[in-house]
1. Please work out which residue is surrounded by the most Cβ atoms within 10 Å (Cβ to Cβ), limiting yourself to region 1-25 and to residues that are modelled with pLDDT of 95 or more and outside any helix (DSSP H, G or I).
2. State all residues of region 26-46 that are modelled with pLDDT under 95 and over 9 Å from the mean Cα position of the chain (by Cα); if no residue qualifies, say none.
C-alpha cells in the first residue's frame, strides 16, 4: 500500500511538471528526489 501511494505521488509530480512545461532537467531533478540515493544511477550521483 505504501509503495502504491509513493508511485502515485511520483506520477502526480511528473504530470504537474509536464503541465507547467518545466525543463526536462528540472523534471528529472524533482523526480529524483523520490529515489533513495543508494538507488540512483551512478552518473546522477557523480554530478553533485
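1. Per the stated criteria, the residue is 22.
2. 36, 37, 38, 39, 40, 41, 42, 43, 44, 45, 46
The values are calculated or read from the model by the stated rules, or taken from the named source; none is laboratory data. From a predicted model like this one, the values you see are computed outputs, not experimental measurements. Note that we place each Cβ from the backbone using ideal geometry, even for glycine, and neighbour counts take in every protein chain shown.
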